[in-house]
Amino acid sequence: MIAELGHAALWMAAALAVLQLVAGALGIRDGEDEGIAILSRPAAILQGGLAAFAFAALLWVFAITDLSVKLVAANSHSMKPMIFKLSGAWGNHEGSMLLWVTVMALAGALIAAVERRLPERTMQATLAAQGFVALGFYAFLLLSSNPFERLPIPAAEGQGLNPLLQDIGLAFHPPTLYFGYVGLSVAFSFAVGAMLTRSVTPDFARAMRPWVLGAWVLLTLGITAGSYWAYYELGWGGWWFWDPVENASLMPWLAATALLHSVSVLASRDALRVWTIMLGVIAFSMSMLGTFLVRSGVLTSVHAFAVDPERGSFILALLAIYIGGALLLFALRANSISEGERFSVASREGALVFNNVMLSAILAVVLLGTLYPLLTEAFDVRVSVGPPYFNPVSAIFALPMLAVMAVGPLLRWRRDSFGRISKELALIAAIIVAGLIFFALFEGVAILPLLGLALAIALGVASFLPLRGRNLRRLPVSVWGMVMAHFGIAVALFGMASESAFSSEKLAALEVGQSTQVGPWEVTLDGIEPVAGPNWTAIEGRMLASYKGGEPSEIAPQSRNFWAPPQQTTESVLLTRWNGQLYAVMGSEADDGRWQLRLWWKPFVTLIWYGGVLMALGGVLAIIGRVRRDLKRRSIRRKIEVRRADMEELR
């Protein structure tokens, strides 16, 4: 009964999306808040409630392992821990799409309930665009991917979830990304609404900015968590492989980063109007493209949901309608969008435009490298595109972007001169040169890691230069957010460059009692033991790891065998010190009785993920600062309105 109620709630939510679209469209045409147009806000709010009910129903059937529901039987198992039963609800194609549309509906409901800064006509257009986007996903779910479909005969037992996905990190990583994607769908709706009503104004940007900031924060956290999951779960020792599905999340992040800076300039300085609209469309385009790549069946990846080509074609059609329509609208209305305030090249706006161009170029590099193998495969030519392409080609644009990022916040708005900040420029240049000389003394450091290490230190110092000479107690919270985010980029960059420059790897075959060396660590195989978990058995290698001859620490990597579904996985072990991590993977037994081990020493690798968290924290501080400022402005406006009303009464 719960499944049928969830299915019915989906149909009613889809009907409300139609009402929201029609009411909003009439509001645009009539330019008045009357008739059916007044129903767009209530429709959006009710739609959010119904979609949330549908997703709660899906969570319930997974929690009780209702094996009469086809999706539960295919992706769950009665022996799984509860957290993985629940995460199984979105660890598949249909459930993840329901999560997507639920978050989108809740976002639309929040906009309808709280947003009052935009003219009502622009608000109607935004809600109509949001309803139109949601309607396509409802159609996709109800017509081709029903998550509540029943089996004619309930299954005796479920098939279980992919063991690689039975991890606490993957319980939270996909929802975080989806929240970020949906934040970009809201930005897209705002952009379409502004184009339809020709109201690309600072007020529009202020309404859009919290959603872009929130989407950027969540995408940053989702990518950081996904990177760390791949690092410790897959057992290959790397944190980024340029997998097409990894790129599918990176591309929206790159576009969102550019959009974040552009919308902030429009909101505060009334500049970059066309840039903001264009990036709003591109950012959502990249999230839709990622959805197509992951769910179309054209990719083979542990991250991807293999579905039939018909459903992939459905998503491709949605992508063509949404993105093609938005780009056509942009082409028709771009000439009508006024230029906004002008600025000189030597200004903070000029630096932001340069970095937006560089981010767009990196996005193009990643997009080309991701799609090119798919295009060649259509002609029966298999091509592999990996780090040898992505790393150096992206660096062509990333390195100058990082250098300008160090300088940009030091410049004034509108117009400035580099002579005014000559001392700061000299300091940044000196740090880069000193870093290059210092790290070049280390043997075997390649040019890209060398440049990355030097730039990371310079950017880290430059991140705090905007605070010099200012009263820190009165500094806006949003400025602290900028400083924190830029410092997080420096920290992550140093971790990436250090891991690439100084990592060491050791493949060893040891008998119990034998030792091997990797970097500053001595690792001894102390014993082999069989262990059992709730739905797996494993061979566990008991090891003693000693750092530079110090007190040994016990580590226990495993080689696991799951039985629902049957699959063998490796459970790596990470031993962290202040300057890096020991990474250990347990292999199989060789014919001569020795056990295969794979060990890495990765200096400062943890800074990659600490940097990601710092970036997200900077975004959170920026959101807090912007919300506080907006609330203060509203309070002042209300006081002014009350005073005016009092004065009129006295008259």
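The values are calculated or read from the model by the stated rules, or taken from the named source; none is laboratory data. Keep in mind that what you see is a predicted model, and the values were worked out from it rather than measured. Methodologically, a virtual Cβ is constructed for each residue, glycine included, from the backbone with ideal geometry; neighbour enumeration extends over all protein chains shown. Heads up: the accessible areas ignore ligands, DNA and RNA and are worked out on the full protein's heavy atoms, side chains in. Shrake-Rupley method; radii C 1.70, N 1.55, O 1.52, S 1.80 Å.
A compact table of results
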{"quantity": "Residue in region 501-508 that is among the small types (Gly, Ala, Ser), touching a strand residue (DSSP E or B) at 6+ places or on another chain (Cβ under 9 Å), at positive phi and at pLDDT 90 or above present", "calculated": "no"}
{"quantity": "Tally of residues being within 25 Å of Ile421 (Cβ to Cβ) and either polar (S, T, N, Q) or under 30 Å from the mean Cα position of the chain (by Cα) (or both) across region 331-358", "calculated": "13"}
{"quantity": "Subset of region 510-529 [surrounded by 16 or more Cβ atoms within 10 Å (Cβ to Cβ) and in contact (Cβ under 8 Å) with a residue 40 or more places away in the chain]", "calculated": "Leu510, Thr516, Val518, Gly519, Pro520, Trp521, Val523, Leu525"}
{"quantity": "Counted residues, region 312-342 - those being open to solvent by 70 Å² or more (accessible area, probe 1.4 Å) and assigned to a loop (DSSP other than H, G, I, E, B)", "calculated": "3"}
{"quantity": "Qualifying residue in region 369-382 (condition: farther than 29 Å from Trp275 by Cβ, outside any helix (DSSP H, G or I) and open to solvent by less than 40 Å² (accessible area, probe 1.4 Å))", "calculated": "no"}
{"quantity": "Ala532 being free of Cβ contacts under 8 Å to residues at least 24 places away in the same chain and aliphatic (A, V, I, L, M)", "calculated": "yes"}
{"quantity": "Members of region 17-27 that are open to solvent by 30 Å² or more (accessible area, probe 1.4 Å) and within 33 Å of the chain's Cα centre (by Cα)", "calculated": "Val18, Leu19, Leu21, Val22, Ala25"}
{"quantity": "The one condition in (1) in contact with a helix residue (DSSP H, G or I) (Cβ under 9 Å, 6 or more places away or on another chain); (2) open to solvent by less than 30 Å² (accessible area, probe 1.4 Å); (3) at pLDDT 90 or above; (4) part of a strand (DSSP E or B) that Phe562 fails to fulfil", "calculated": "(3)"}
{"quantity": "Restricting region 232-253 to residues that are part of a loop (DSSP other than H, G, I, E, B) and among the small types (Gly, Ala, Ser), the residue that is surrounded by the fewest Cβ atoms within 10 Å (Cβ to Cβ)", "calculated": "Gly238"}
{"quantity": "Qualifying residue in region 97-113 (condition: part of a loop (DSSP other than H, G, I, E, B) and touching a residue at least 12 places away in the same chain (Cβ under 8 Å))", "calculated": "no"}
{"quantity": "Matching entry among Ser87, Ser78, Ser96, Ser68 (being under 30 Å from Pro163 (Cβ atoms), polar (S, T, N, Q) and open to solvent by 40 Å² or more (accessible area, probe 1.4 Å))", "calculated": "Ser78"}
{"quantity": "Single residue of region 182-232 satisfying the filter (aromatic (Phe, Trp, Tyr) and within 17 Å of Thr122 (Cβ to Cβ)) that is nearest to the chain's Cα centre (by Cα)", "calculated": "Trp211"}
{"quantity": "Residue in region 145-152 that is touching a strand residue (DSSP E or B) at 6+ places or on another chain (Cβ under 9 Å) and of a type in the set (Lys, Arg) present", "calculated": "yes"}
{"quantity": "Checking Ala398 against (1) at pLDDT 85 or above; (2) open to solvent by 60 Å² or more (accessible area, probe 1.4 Å), the condition it does not meet", "calculated": "(2)"}
{"quantity": "Residues of region 55-89 that turn out to be of a type outside the set (D, E, K, R) and within 25 Å of the chain's Cα centre (by Cα), as a count", "calculated": "11"}
{"quantity": "Criterion violated by Ile45 - all others in (1) farther than 19 Å from Leu110 by Cβ; (2) open to solvent by 10 Å² or more (accessible area, probe 1.4 Å); (3) in contact with a helix residue (DSSP H, G or I) (Cβ under 9 Å, 6 or more places away or on another chain) satisfied", "calculated": "(1)"}
{"quantity": "Conditions (1) open to solvent by 40 Å² or more (accessible area, probe 1.4 Å); (2) within 30 Å of Val627 (Cβ to Cβ); number of the one not met by Gly444", "calculated": "(2)"}
{"quantity": "Residues located in region 447-498, provided they are open to solvent by less than 10 Å² (accessible area, probe 1.4 Å), over 26 Å from Ile624 (Cβ atoms) and not hydrophobic (A, V, I, L, M, F, W, C)", "calculated": "Gly452, Gly495, Ser498"}
{"quantity": "Residue match in region 399-410 (condition: part of a loop (DSSP other than H, G, I, E, B) and of a type in the set (Gly, Ala, Ser))", "calculated": "no"}
{"quantity": "Residue count, region 565-612 (criterion: under 19 Å from Val523 (Cβ atoms), in a loop (DSSP other than H, G, I, E, B) and in contact with a Ser or Thr (Cβ under 8 Å, 6 or more places away or on another chain))", "calculated": "1"}
